[in-house]
Structures are given as C-alpha cells and as structure tokens.
Amino acid sequence: MGAGHAHKLFRHGHSPVHALPAHCKLAATFAFVLVVVSTPRGAVWAFGLYAVLIATVAAAARIPAGFLLRRLVIEVPFVLFAFLMPFVAEGERVGFLGMSLSVPGLWGAWNVLAKGTLGVAASVLLASTTELRALLLGLQRLRLPPLLVQIASFMIRYGDVITDELRRMSIARRSRGFEARGVRHWGVLAKTAGALFIRSYERGERVYLAMVSRGYAGSMPVIDDVAATRAQWAYAAALPVTALAVCLMGWTL
Amino acid sequence: MNDDSPSLEVSGLAFAYPDGHQALFGVDLTVGRGERVALLGPNGAGKTTLVLHLNGILTGGVGTVSVAGLPVAKRNLAEIRRRVGIVFQDPDDQLFMPTVREDVAFGPAAAGMRGAELETRVREALEQVGMAAFADRPPHHLSFGQRRRVAVATVLAMRPEILVLDEPSSNLDPASRRELADILRSLDVTVLMVTHDLPYALELCPRAVILSEGVIAADGPTQRLLCDEKLMRAHRLELPFGFDPRSVTVGAA
C-alpha cells in the first residue's frame with residue numbers, strides 16, 4: 001500500500017491508530033457504535049464520556065479537532081430532522097422562548113443528535129486513519145460477502161473512468177451547441193445517463209473477459225493478507241470495551 | 001508439456017456466434033516457439049474472435065487449438081489461461097485492481113502464488129516493462145502509454161508461453177509506441193500481435209498472416225506480404241501515406 005488511493009477523507013499519518021490493521025479498526029468502530037446506540041438516552045453523562053473517548057482516540061491518531069469537526073458537517077441533514085422533532089412530536093409540552101415544545105420530542109431529538117454525532121465521529125476517525133483500499137481488505141477479512149467487496153473495489157477503480165466518460169459526453173454535447181436549460185432538456189440528459197449505463201455495462205463485460213483471461217474463477221485472489229496480532233486486537237478493543245463499561249453503568253445507575 | 005511442440009497450433013477452427021453470424025471458416029495457424037507473428041486483416045475479419053479462442057473464452061465451434069501441446073479444453077482452462085497472455089486493447093479494461101502492483105499480482109495470485117515468490121514475480125514483470133517505480137500507483141493516474149506497458153506486465157507476470165497483443169500501438173504517441181516496441185523486442189517470448197499498424201508489424205514481426213473473411217488468406221515474411229500490392233488491396237490493407245515497405249531494411253530476427 002503506498003500513496004496509492006489517497007482519498008480526501010484519509011489523513012496521512014503514522015500514529016498507532018493508523019498502524020492498526022483495518023479489520024481491527026472496523027470491528028472496533030462497529031462495536032462502539034452498537035454500544036452507543038444501546039445506551040439509554042436518559043444517561044446524559046454517558047454520552048459525555050463517549051465524547052471524551054472519541055476525543056482520546058482522535059488525540060492518539062493525531063487528528064486535529066478542527067479536521068474532525070469539519071468532517072462532522074455531513075451529519076447536518078439528520079440534525080435538521082432532529083430539530084424538527086420537538087415541534088411535531090406528541091405528548092406533554094413545555095414552553096421555551098414562547099414556543100411550545102414536546103418533551104418526548106426533545107428527548108427524541110437529543111437521542112438522535114447524541115447517538116448520530118458519536119457514530120459519525122467514530123466513522124470519520126476510521127475513515128481518516130484508514131486508507132480506502134485497506135478498508136476494503138479489512139471488510140474482506142471480516143468475511144463480508146466477497147461479491148460485495150469486489151463491487152466496492154470496482155466502484156473505486158472505475159469511478160474516475162466513468163466520470164471521465166461522462167465529462168467527455170458532456171463536452172461532446174456542448175460542442176454541438178447543447179446547454180441544459182430547464183425541464184425541456186431533461187430528455188437529453190436522460191439519454192446521456194442511458195448511454196453511460198450501456199457503455200459502463202459493456203466495459204464491465206470487457207473487464208470480466210480480461211479477468212477471466214488471467215485466471216479469475218469467481219473469487220479475488222488474496223494478495224495482501226494482513227494478520228492482526230493479539231496485542232493489536234486488544235489495542236483496538238480498548239475503545240468499545242471502555243464504552244461498554246460506560247453503557248452498563250448507564251443501565252444500572 | 002513436450003518442448004518440441006509449437007507455442008500455438010490452431011487447426012480447422014470454425015466458429016459461428018449464437019446469432020448465426022459465422023466469424024471463422026476453418027483457420028489453420030502454427031506459431032513456433034519464440035516467433036513474433038503479426039496477425040493482419042481488415043475490420044470484421046474475425047481477428048478478435050480468433051484471439052478469444054486462444055484461451056478458451058470462446059469455444060464450441062469446430063477444430064482444435066493447442067498451446068505448447070496442451071489442447072484448449074475445459075479441463076485445462078486454468079493452465080491454458082496461464083500460458084496464453086492476452087493484452088487487450090483498452091488498458092482500462094485490463095487494469096482493474098486499485099494499484100499497479102495488485103494488478104500485476106492478480107494472475108499469479110489467482111494461480112495460487114503467495115508471499116515473497118509473488119512479490120518477486122511482480123517486481124520482475126514490472127522491471128521488464130520499465131514500470132517498477134510505479135508499483136504503488138493507481139492505474140488511472142498513469143499516462144496511456146504507461147498503462148499499456150503495465151497491461152503487458154500483468155500478463156508477463158504469468159510467464160506465458162505466448163503473448164497475444166490486441167492493437168498494441170493504438171492510441172500511443174510515437175515515443176510510447178517506440179518504447180513499447182523496444183520492450184517487446186527485449187522479451188524472450190512467443191508473440192502474436194493483432195494490428196492495423198503495418199509499419200509496426202514490419203518493425204517487430206518477421207512473419208505475418210492475413211486473416212480475411214474468416215480464413216488465413218496469406219502467411220509469409222511480413223515484408224513480402226506488405227510489398228504484394230494485389231494481395232494487400234484484395235484484403236483491404238493499406239499502407240500509411242509515404243510508407244514504402246521495400247525501402248526498409250528489416251533486421252534478421
């Protein structure tokens with residue numbers, strides 16, 4: 001793995017978190033998210049502790065807070081939905097700044113906001129410390145159905161090729177005097193999409209021929225097999241295990 | 001198998017596509033070990049159909065194909081595909097893995113090779129085409145000429161008995177075209193080169209065959225065929241403007 005696929009989500013670094021095998025990090029992130037969503041929403045302090053845990057991991061990974069916060073912006077549409085809940089939900093109401101808000105709605109909004117933010121933050125950390133390619137290998141190692149992993153890796157490989165094709169088609173359209181200006185031109189755009197689909201489909205067939213010619217028989221050969229040591233697993237487990245302890249306290253206290 | 005059998009032996013090969021279009025009408029072709037042969041012919045002559053028979057992608061017609069004495073048949077397909085290295089025309093179809101290194105490793109890894117042996121194989125193949133420095137790059141970040149060279153490396157890594165090149169010089173700028181010629185000349189492998197680029201055929205292949213309307217219409221020294229104006233015209237083959245095959249001194253191969 002070299003500088004290869006430096007995706008914009010990835011932040012190059014040499015921290016202990018970067019060095020962990022991808023499948024350990026994937027498993028840890030997934031377990032952490034499960035623990036977070038199963039925490040009772042009333043245990044507000046528990047979510048505070050989770051945030052501290054995330055901040056600790058970010059510090060260990062040397063991911064600056066600003067970087068992490070900027071990446072969290074992806075969550076905004078969900079946050080907007082959460083903000084609507086106190087206004088539309090049923091039940092007991094309280095007055096706040098002259099607005100009437102629903103109490104279950106407020107709790108619902110808090111629930112979505114807190115759990116969503118923690119989940120997104122954990123995913124952002126995973127994405128910024130793990131290369132895309134390594135993530136795919138990690139999924140493969142975690143026994144995700146190989147077909148899904150193959151589809152995802154072809155998406156990465158051919159995304160640019162297909163975008164480029166689309167760009168050339170757009171240049172060809174504009175060179176013949178076409179500008180998309182409103183609904184009347186949607187037909188042309190739809191035909192472009194159709195043509196792009198057929199081109200991609202045909203490319204898929206040619207790629208398949210090339211794969212079969214080199215001995216492909218239904219599964220991708222394992223080229224880089226990354227095995228994780230017990231210590232690496234233990235290191236990766238630190239996050240979800242601590243979170244689990246917090247969660248259990250949240251249920252019992 | 002036995003060392004005295006030719007690299008490629010095609011006899012009486014006839015094939016019709018499922019839609020009834022007959023592409024090959026009894027092709028006989030023998031390519032000796034270490035020979036470089038150009039396969040010439042107009043569009044629609046059946047060149048691609050013939051190529052896809054060489055590694056058993058197309059089967060079911062009449063006649064036989066054998067590679068170094070091993071017949072192309074279902075039970076031998078894995079070994080046949082290792083022995084016949086096809087370089088397809090569009091390197092984007094051929095290079096489907098996220099990095100150059102993984103792509104070159106694909107064939108040998110599909111055959112079960114792992115670890116240090118695989119790494120050595122990949123490095124050697126990339127060195128043969130002068131692309132060792134690009135091992136960790138994603139293919140779509142390379143120039144077209146570089147991608148074509150990597151495509152050649154992906155099949156060289158399988159140590160093929162015969163290298164089959166589909167239009168190797170297409171879309172290459174003159175410098176890349178010459179670099180590829182130097183690489184092909186330096187390889188100690190049997191080559192069958194499908195091409196419309198007649199000067200390139202003359203430069204690289206001492207022998208040429210003309211496939212026309214599904215049969216081998218001529219077979220002989222490339223220079224002699226190219227100088228036979230009547231033959232060339234009969235099969236829609238044309239030399240580029242100003243090119244006189246008589247004026248070229250072809251080195252002994």
Check: With point charges of +1 on the Cβ of Lys and Arg and -1 on the Cβ of Asp and Glu, referenced to the Cα centre of the protein assembly as shown, which listed residue (A:Val212, A:Gly98, B:Pro18) lies farthest in the positive direction of the dipole?
Finding: A:Gly98
Check: Taking N as the number of residues in the stretch A:145-213, what is its Cα Rg relative to 2.2 N^0.38 Å?
Finding: 1.38
Notebook entry, point to check: Which of the lysines could a cross-linker span from B:Lys74 if the Cα-Cα distance has to be under 26 Å and same-chain partners fewer than 8 positions apart are dropped?
Noted result: B:Lys47
Note to self: For q values of 0.08, 0.12 Å⁻¹, compute log₁₀ I(q)/I(0) with the Debye formula on a Cα-only model of chain B, without solvent.
What the structure shows: -0.31, -0.70
Item checked: Cα point-scatterer Debye curve for the stretch A:1-133, base-10 log of I(q)/I(0) at q = 0.13, 0.22 Å⁻¹ -> -0.62, -1.30
Item checked: Ratio Rg/Rh, restricted to the stretch A:210-253 and using Cα atoms, in which Rh is the Kirkwood radius -> 1.42
Notebook entry, point to check: Regarding chain A, what whole-number volume in Å³ per residue does the convex hull of its Cα atoms give?
Noted result: 210 Å³
Margin query: Tell me which of B:Leu39, B:Thr222, B:Asn171 sits at the most positive position along the dipole axis of the protein assembly as shown, charges placed on C-beta atoms (Lys, Arg +1; Asp, Glu -1).
Written below: B:Asn171
Notebook entry, point to check: Under the rule of -39500 (n - 2.57) per DSSP H run of 4 or more residues, summed and divided by the residues of chain B, what mean residue ellipticity at 222 nm is obtained, to the nearest 500 deg cm²/dmol?
Noted result: -10000 deg cm²/dmol
Checklist line | Crossing angle, helix A:103-129 versus chain A [Cα axis fit, 0-90 degrees, rounded to tens] | finding: 50 degrees
Notebook entry, point to check: What is the P(r) of the stretch B:1-76, as percent of Cα-Cα pairs per 5 Å bin from 0?
Noted result: 3, 15, 26, 25, 18, 8, 3, 1
Next item on the list: Please state, rounded to one decimal and in Å, the Kirkwood hydrodynamic radius that the protein assembly as shown gives when every pair of distinct Cα atoms enters the mean of 1/r.
Entry: 27.0 Å
Next item on the list: Could you pull out every one of the aspartates and glutamates with an alpha carbon less than 20 Å from that of B:Lys230, ignoring same-chain neighbours closer than 8 positions?
Entry: B:Asp197, B:Glu213, B:Asp219, B:Glu238, B:Asp244
Next item on the list: Mind telling me which of B:Thr154, B:Thr99, B:Thr195 comes out most flexible in a GNM of chain B, alpha-carbon contacts under 10 Å?
Entry: B:Thr99
Next item on the list: Mind pulling the per residue volume of the convex hull built on the Cα atoms of the stretch B:1-130? Å³ is fine.
Entry: 147 Å³
Checklist line | Computed [θ] at 222 nm, deg cm²/dmol, chain A (DSSP H ≥ 4; -39,500 (n - 2.57); rounded to nearest 500) | finding: -23500 deg cm²/dmol
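Normalized C-alpha radius of gyration of the stretch B:120-251, against 2.2 N^0.38 Å?
Numbers: Rg = 16.3 Å, N = 132, 2.2 N^0.38 = 14.1 Å.
Dividing the Cα radius of gyration by 2.2 N^0.38 Å gives 1.16.
Read-outs throughout are calculated quantities, based only on the coordinates presented, and are distinct from any laboratory measurement. As the structure is a computational prediction, the values presented were derived from the model and not from experiment. Cβ atoms come from the backbone with ideal geometry, glycine included; neighbour counts cover every protein chain shown.
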